[in-house]
Structures are given as structure tokens and as C-alpha cells.
Amino acid sequence: MRLIMLGAPGAGKGTQAARVAAELKIPHISTGDIFRANIKNGTELGKKAKAFMDAGKLVPDELTCDLVADRLAQADCAGGFILDGFPRTIPQAEALDKVVAELGTKIDYAVNIDVPDEAIIERMSGRRACLSCGATYHVVYNPPKTEGICDTCGQPLVLREDDKPETVQTRLSVYHEQTQPLIEYYGAKNALVSVDGTKPMDEVFADILKVIGK
Ligand code: ADP
Ligand code: ADP
Ligand code: ZN
């Protein structure tokens with residue numbers, strides 16, 4: 001199955017994409033995680049992406065689309081994949097359509113996780129991220145077993161620079177302007193399914209499996 005996750009920053013895309021990927025045994029591809037890994041490793045791409053990310057802006061499409069095309073061409077994506085955080089603009093969605101068409105496939109579902117802006121700030125200020133393995137936690141809703149330490153890999157957890165409230169406001173505006181139009185885009189292709197992302201995580205997960213027919 002070939003899936004993409006849509007939703008505002010903090011809607012729960014990463015949390016649910018990881019669970020769906022494990023359930024369906026398909027790779028979870030997060031462009032945010034790929035950019036953060038590049039920043040950590042000091043690559044050219046990381047240097048270019050960092051200023052945009054810290055400001056809460058999108059990394060330009062030129063730097064993003066090729067990276068995803070290369071990733072989707074790898075062998076582990078042949079049986080399906082779940083994209084988290086891509087596409088985020090109409091040109092990215094068009095580029096993705098081209099890539100999957102060239103691979104002789106299509107996107108089965110765009111899963112929209114619906115969460116109102118009011119709930120987002122609280123989610124983001126409580127989010128703690130592992131920059132080593134990409135796992136995310138929440139200090140209230142999904143705390144790690146040991147405070148400040150990743151359950152999966154034992155590395156320290158951080159509050160991302162771009163999760164501070166000032167930057168979250170910018171990211172929400174960017175989401176409404178540039179990413180929300182994708183809901184209509186995938187609706188027009190009859191690929192859109194939506195779930196209520198304000199429910200507890202386990203319920204959101206069960207709802208996602210239901211709407212994708214698993
Ligand atoms: P969140 O999960 O909170 O929505 P991400 O980890 O997906 O955040 O993304 C963090 C930042 O990385 C974004 O604010 C943006 O700067 C950059 N980014 C990630 N994916 C994309 C993309 N598809 N296009 C442009 N920028 C992106
Ligand atoms: P996204 O990838 O869309 O930016 P995340 O999956 O990282 O979102 O989730 C954002 C924050 O909200 C994290 O701290 C996560 O633990 C928490 N979270 C995710 N889903 C829920 C939920 N259904 N209820 C409460 N908190 C949630
Ligand atoms: Zn980790």
C-alpha cells in the first residue's frame with residue numbers, strides 16, 4: 001500500500017505513520033527526519049535546509065522533490081511506503097504523481113489527520129523528539145519510560161527549536177497557505193480519507209486502519 005499522511009504540524013502524522021508502517025511492514029519516510037539527519041551530519045543539504053526549518057518555513061521544493069524521488073526508487077519501497085511530511089505543496093504533489101507514475105503505481109490513500117489549531121500549540125510545546133531514531137514523545141500524552149531518554153535507542157530527547165510557540169505560529173500559517181490545499185487535491189482524485197486527530201492515539205490508529213481498509 002502507498003500512503004501519504006496529511007495534517008497540520010503536530011497533528012500526529014509521525015506518531016501514526018510509525019505505527020501504520022510497523023503494522024503494514026512498509027517503510028516510514030519522513031522528510032523532516034531526513035532533513036534533521038542531514039543537519040546532524042553536517043551535509044550540504046543539511047546546511048541549506050537548516051535556516052528554513054529554524055524559521056518555520058518550508059525547505060524549497062527543488063531541495064525536497066529529488067530527495068523523495070531517490071528514496072522511493074530504493075528496493076524497500078517496491079511493496080509500498082508511507083510518506084510523512086511530504087508532499088507539503090501542490091508542486092510537490094505533482095512531482096510525487098510523476099514519480100509514482102514512472103514506477104507504474106499510484107498513491108492509494110492520503111490520510112488526513114484533522115486537529116484544530118487550538119490543540120496544536122499544546123501538542124508542540126509538550127513534544128520531545130529523538131534526533132537519533134526519529135521517535136517522538138509527549139510529556140503528558142506519551143511520556144518515555146525514563147524522563148528525557150528515548151525508549152527505543154537510549155539517546156537524550158530534545159524540544160525541537162522549531163517547536164517553540166513563536167515558530168509554531170509561523171508553521172501553522174505556512175500549513176494553511178501551502179499544505180492545506182492538498183486536501184482538495186487528493187479529494188479530487190478520490191484518494192482522501194480523514195480521521196479525527198483529537199482522539200487518543202490508539203483510537204486514531206484504529207480509525208486509520210479502518211479508513212484504509214486494513
Ligand atoms: P512536523 O512533523 O512537526 O510537521 P516535520 O518534521 O515534518 O515537522 O518538518 C519539520 C520542518 O522540515 C518543516 O517545518 C520544514 O521546514 C521541513 N520540511 C519537512 N518536510 C518538508 C517538505 N516536504 N517540504 C518542505 N519542507 C519540509
Ligand atoms: P506531526 O508528525 O504531525 O508533527 P507528531 O506525531 O510528532 O505530529 O505529534 C505531535 C505531538 O503530539 C507529539 O508530542 C505526540 O506525542 C503528540 N500526539 C500525537 N498524537 C496525539 C494524540 N492523538 N493525542 C495527544 N497527543 C498526541
Ligand atoms: Zn531514539
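The values are calculated or read from the model by the stated rules, or taken from the named source; none is laboratory data. Predicted model only: the values in this text are computed from it and were never measured. Using ideal geometry, Cβ is built from the backbone for each residue, glycine included, and neighbour counts are taken over all protein chains shown. With ligands, DNA and RNA removed, areas are computed over all heavy atoms of the protein, side chains included. Shrake-Rupley method; radii C 1.70, N 1.55, O 1.52, S 1.80 Å.
Residue ranges 39-47, 159-167 sort as 159-167, 39-47 when ordered by packing (mean number of other C-beta atoms within 10 Å per residue, highest first). Taking amide H atoms as placed 1.01 Å from N in the peptide plane, list the residues 5 or more away in sequence, or in a different chain, whose amide H sits under 5 Å from that of Lys189. Result for Lys189 returns nothing.
Cα centroid distance between region 175-214 and region 19-42, in Å? Distance between centres, Cα-based: 19 Å. For Ile149, what residues show an amide H to amide H distance below 5 Å, using hydrogens built from the backbone and excluding near sequence neighbours? Long-range HN contacts for Ile149: Leu157.
Rolling a 1.4 angstrom probe over the protein heavy atoms with all chains in place gives the chain an accessible area of 49 Å² per residue. Projected onto their three principal axes, the Cα atoms of region 2-144 cover extents of 43, 34, 26 Å, largest first. Note: relative contact order over the chain, using C-alpha pairs below 8 Å and six or more positions apart, is 30 percent. What percentage of the solvent-accessible surface of the chain, computed with a 1.4 Å probe over protein heavy atoms, is contributed by carbon and sulfur atoms? Roughly 52 percent of what the probe reaches on the chain is carbon or sulfur.
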